[in-house]
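Structure, as structure tokens:
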Amino acid sequence: MGKFEPRIRYRLLLAAASAALLTLAGCSEQQAAAPQAMQMPPPAVDVVTLQSQPLELKDTLAGRVSAFRTAEIRPQVNGIILKRFFEEGATINAGDKLYQIDPTLYQAALASAEAQLTVAEANAYAASLKAKRYKELSKKSAISAQEVDDSEAAAKQADAQVKAAQAAVRSAKINLGYTKITAPIPGVISRSTITEGALVSAQQATALTTIRQLSPVYVDIQRPAASLVKMKNPSLSRVVTVELDDGTPYSESGELQFADVSVDPGTGTVNVRAQFDNKEALLLPGMFVRANVPSQRIEDAILVPQIAIIRQANAVTTAMVVNESNTVEMRVVEVSRAIDDQWLVKSGLHNGDRVIVSGLQKVKPGIVVAPEEAKTTSAKP
């Protein structure tokens, strides 16, 4: 058997090596199967639980600012402007003196009227005495009844002349007063269209200047006529806010005052007026603004964070919802309008639904997740 010994030895070594390889292969398969046998934890996602709430919707509409009161200053008598008493662009009070017209002619007219009044009063006094004297004489049959009647008529005529003279004096005083032009309302005064030495005439077409009261002010808003019915809802707020032409929000809030009773046939809109205190005089007449006007109140509105809404390639909007068993569902959602960083839901979501706002890339419908209430809705999906 000596010559077979190497061959047997070789076979034994080969068998041992094969057994060792099989053992290593079995260990490797067990190690590879071990992770597969372990169950992966469900992915963590952030959710927002939807809560219905009362919501007041607002429409953003174009508006124009107009002054609360406007006064165009015109002379009421003829004359030369002697002096201007205001600074252009200044804030003035009612009754402040604006211009002085040369009063010389009107002072003379007043003096003449007062003199005529004195003459009329003297004539009336004489006529009154004569009428009394004739009346006494008539009792003694010293004069005729016709003379008595004539004297009484003359006395009444003299009294009428006194009243006419008194009216002429009042008229002369009024005209003299008109030579001093004053402000009828408080506000901001614009530029003067005339200077000292200019001749002005009563009720001329060109105004000397204009005063506009800027606190408060009106904002006139063109609103679709169809929305007026909703405006009459007593639960709807009357508070209006505006944004300036550059988009800057105006700090003050205004209040709706009234709506016109006629519809513009060309635009189908109704003019709605809101009033603002305008304490800092930032709103100027003629300025364009965007007004946020209450339009509708929803008692059980559902708002969903915009980051939770996914727009599919076919333009359908969806949201991922975690149900009671923590399983992900895809919901087709219909939204109507954006309100800040949220969408107003028309259909597809309900009160108490948990929508995923973070971790959307890790989920798909049908898988189980570990939801956690989000602290903020600004997280990226």
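No other residue among I307, I302 is within 30 Å of I356 (Cβ to Cβ) and in contact with a His (Cβ under 8 Å, 6 or more places away or on another chain) apart from I302.
With respect to V219, is the statement that it is assigned to a strand (DSSP E or B) and either of a type outside the set (S, T, N, Q) or closer than 30 Å to A122 by Cβ (or both) true? Taking the combined requirement at face value, the residue satisfies it. Restricting Q107, Q100 to those that are farther than 30 Å from Q213 by Cβ and either at pLDDT 95 or above or not small (G, A, S) (or both) reduces the list to Q107. Here V188 meets the list (1) assigned to a strand (DSSP E or B); (2) surrounded by fewer than 16 Cβ atoms within 10 Å (Cβ to Cβ) almost entirely, failing just condition (2).
Flag set for D353, criterion: at negative phi and surrounded by 14 or more Cβ atoms within 10 Å (Cβ to Cβ). Determine, yes or no, whether F276 is surrounded by 17 or more Cβ atoms within 10 Å (Cβ to Cβ) and not assigned by TED's automatic domain parsing to the domain that holds Y125. Judged against the criteria, F276 is a match. Of the residues I189, I143, the single one that is under 30 Å from I211 (Cβ atoms) and of a type in the set (V, I, T) is I189. Among the strands (runs of 3 or more DSSP E) confined to region 254-373, the ones with at least 2 residues that are of a type in the set (G, A, S) and out of contact with any Pro (no Cβ under 9 Å at 6 or more places or on another chain) are located at 288-301, 334-339. In the set A154, A131, A113, only one residue is within 60 Å of the chain's Cα centre (by Cα), touching a residue at least 24 places away in the same chain (Cβ under 8 Å) and surrounded by 13 or more Cβ atoms within 10 Å (Cβ to Cβ); that residue is A113. Taken over region 228-253, the criterion of being part of a strand (DSSP E or B) and surrounded by 14 or more Cβ atoms within 10 Å (Cβ to Cβ) is satisfied by V239, V240, T241, V242, E243. Considering only residues in region 110-134 that are polar (S, T, N, Q) and at pLDDT 95 or above, the one that is farthest from G79 (Cα to Cα) turns out to be T118.
The values are calculated or read from the model by the stated rules, or taken from the named source; none is laboratory data. This structure is a prediction, so every number in the text was calculated from the model and none was measured. Virtual Cβ from ideal backbone geometry, glycine too; neighbours counted across all protein chains shown.
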